[in-house]
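Below: the structure, in structure tokens.
The values are calculated or read from the model by the stated rules, or taken from the named source; none is laboratory data. Here the structure is a predicted model, which means the values were calculated and not measured. For neighbour counting, all protein chains shown are included, and Cβ atoms are generated from backbone atoms with ideal geometry for every residue, glycine included.
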Amino acid sequence: MTAGFLRGRWTAPILWHLFWGGKSFYQLLRELDGISRQALAHELEDMEGIGLVARRVHRSGSVRVEYGLTALGESLRPVLAVMYEWGLHALNTSLAKSPDVEKQRRCLQDEH
């Protein structure tokens, strides 16, 4: 059931970035390494449609659009935190020695 809300490839990373506050489309595009403009637009539209994200238009001088979490989106914070912790644990176990896991481990190390 929860997986239905996290169905997009980029949904969890977008939520993770929005947990720290509202962001513009271009802020998200810069922070999400590897996502295309089209994919980000599609994911945000889908997330808005299911009620995870709210699009806010600010009209102070120039028009500025910001994406932020709704209460429903914010309620996924503990779910994603547990998923993140599980992922770190899985990357550090001796059972996770496939080439894909090794690649993911290197990517996480490069981020820190």
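If a residue has to be in a helix (DSSP H, G or I) and more than 20 Å from Arg64 (Cβ to Cβ) to count, how many in the range 24-42 make the cut?
3
Can you list residue pairs whose Cβ atoms sit under 6 Å apart, with the first residue in the range 47-66 being surrounded by fewer than 15 Cβ atoms within 10 Å (Cβ to Cβ) and the second being part of a strand (DSSP E or B) and among the basic types (Lys, Arg)? Count only pairs 6 or more apart in sequence or on different chains.
His58/Arg64
Just one of the numbered conditions (1) modelled with pLDDT of 80 or more; (2) over 18 Å from Trp10 (Cα atoms) is not true of Asp100; which one?
It fails just one condition, (1).
Go through the range 5-21 and give me each residue that's in contact with a Leu (Cβ under 8 Å, 6 or more places away or on another chain), part of a loop (DSSP other than H, G, I, E, B) and in contact (Cβ under 8 Å) with a residue 40 or more places away in the chain.
Leu6, Phe19
I'm trying to understand the selection: among the residues of the range 43-63, which are among the charged types (D, E, K, R), assigned to a helix (DSSP H, G or I) and either closer than 14 Å to Gly22 by Cα or not assigned by TED's automatic domain parsing to the domain that holds Phe19 (or both)?
Glu48, the sole residue that qualifies.
Restricting attention to the range 64-93, report how many residues are in a helix (DSSP H, G or I), under 14 Å from Phe19 (Cα atoms) and of a type outside the set (Asp, Glu).
Adding up the residues that qualify gives 9.
(1) within 13 Å of the chain's Cα centre (by Cα); (2) surrounded by 13 or more Cβ atoms within 10 Å (Cβ to Cβ): which one isn't true of Ser24, the others all being true?
That leaves (1) as the condition not met.
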